[in-house]
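Input: a single structure, listed below in structure tokens.
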Amino acid sequence: MRGSTVLPGTTQGNGSDPGTGGLPVHRLEVPMPNALPFAIGTFDTIGPMSRASFPHRHTFHEIVYVTGGTGSHVVDLTRFTLRPPHLCFIAPGQVHYWDGVRGLEGCVVVFTDDFLIERPADRALLRRLGRRPWLELPERDAAWAAHLVAEMDHEYRTGAEGFGGVLRALLHILVVRAARLPAPGRTHQPPARTPQVATRFVALVNAPHALPWSVRECAGHLGVSVSHLNEAVKTAMGRTPGELLRQARVHEAKRLLACTDLTVRQVADRVGFGDPAYFCRFFRRETGATPGDFRRGDGDIHHDHRIASIAPPEPRA
């Protein structure tokens with residue numbers, strides 16, 4: 001499976017604009033219809049994008065098992081210092097980059113949603129893990145993580161009969177066990193079962209493409225009534241769909257302000273505001289700062305990392 005990076009403003013052959021959002025978008029291309037939409041390897045074998053030092057996002061899932069190195073990894077405006085071993089989960093649409101990294105070692109697993117077509121619950125778990133993406137592993141947890149990653153790597157490289165099913169099973173175990181780990185500073189509690197419509201709503205809100213920005217639009221997209229969506233999401237998440245949509249709009253606006261040179265008007269348009277002045281009032285109400293103040297930074301770790309342009313991807317072999 002080959003990777004390609006699409007820069008802002010460029011298009012693919014189908015005329016879509018994967019660069020929408022003003023950030024480089026990294027894709028995986030499956031060379032043949034029957035090829036597995038999955039790859040695993042070291043940072044070197046997966047390629048330079050696996051340790052990219054500029055903010056970018058993916059259309060696929062990425063799991064990183066870090067075993068060595070110094071520096072930090074920034075995921076959605078949060079900086080994580082390397083103290084290996086770590087597990088890192090990056091969901092489609094999240095923005096991340098490696099900063100000041102030296103001696104980075106470990107294994108990278110990349111796959112599309114299509115790889116999990118038979119395991120929709122795993123897709124939901126992965127997006128939940130993306131909200132707390134950086135897991136420091138005690139010795140016992142590092143042992144099982146290393147074993148599972150090594151087994152996946154072996155299955156992928158040997159390609160024995162039935163290896164696709166074995167890879168899905170090993171990935172399932174890795175995701176489930178990682179989801180059991182407590183977030184830093186919290187005691188572990190078994191996750192409650194989430195209604196399917198709430199799971200689909202969360203996936204929709206976190207999708208790496210233009211989103212429906214009203215509860216009614218979301219309900220129509222999911223094929224349910226507004227009242228049913230409100231009840232299911234509030235019960236499962238403890239917050240209303242409207243609150244989660246506002247959070248998503250603010251989060252995406254922060255990503256674009258911090259990681260791109262889009263104008264405030266362009267950012268407003270990307271997150272569903274036709275009126276930039278209204279967007280500025282909304283952003284200030286939700287964050288306490290204007291978009292301009294947020295972009296200038298006031299000490300925020302991410303704001304000095306905007307890029308005016310990046311070099312195009314290396315020519316394919």
Discussion item. Please determine whether any residue of the stretch 67-75 is among the hydrophobic types (A, V, I, L, M, F, W, C), more than 12 Å from the chain's Cα centre (by Cα) and not in a loop (DSSP other than H, G, I, E, B).
Written reply: no
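Quick grid of which residues meet (1) more than 22 Å from C259 (Cβ to Cβ); (2) at pLDDT below 95:
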site: T10; (1), (2): no, yes
site: G22; (1), (2): no, yes
site: S53; (1), (2): no, yes
site: H58; (1), (2): no, yes
site: D76; (1), (2): no, yes
site: F89; (1), (2): no, no
site: V95; (1), (2): no, yes
site: D113; (1), (2): yes, yes
For the stretch 76-103, the count of residues that are over 12 Å from the mean Cα position of the chain (by Cα) and of a type in the set (G, A, S) equals 2
Residues in the stretch 48-73 that are out of contact with any Cys (no Cβ under 9 Å at 6 or more places or on another chain) and under 18 Å from G103 (Cβ atoms) total 10
Of the listed residues (T235, T158, T260), the one being more than 30 Å from L137 (Cβ to Cβ) and either modelled with pLDDT of 85 or more or touching a Leu at 6+ places or on another chain (Cβ under 9 Å) (or both) is T260
Over the stretch 74-108, the set of residues at positive phi and of a type in the set (D, E) is D76
Exactly one of P276, P208 is modelled with pLDDT of 85 or more and not acidic (D, E), and that one is P276
For the stretch 79-89, the count of residues that are touching a Phe, Trp or Tyr at 6+ places or on another chain (Cβ under 8 Å) and in a strand (DSSP E or B) equals 4
Output for Cβ contacts, cut-off 8 Å, separation at least six or different chains, first residue part of a helix (DSSP H, G or I) in the stretch 43-62, second of a type in the set (F, W, Y), reads S50/F43; R51/F43; R51/W98
Exactly one of P138, P48, P55 is crowded, with 21+ Cβ neighbours inside 10 Å and either under 30 Å from R200 (Cβ atoms) or not assigned by TED's automatic domain parsing to the domain that holds R200 (or both), and that one is P55
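The values are calculated or read from the model by the stated rules, or taken from the named source; none is laboratory data. Just so it is clear, the model here is predicted, and its values are computed rather than measured. Positions of Cβ are generated from backbone atoms using ideal geometry, with glycine treated the same way; all protein chains shown enter the neighbour counts.
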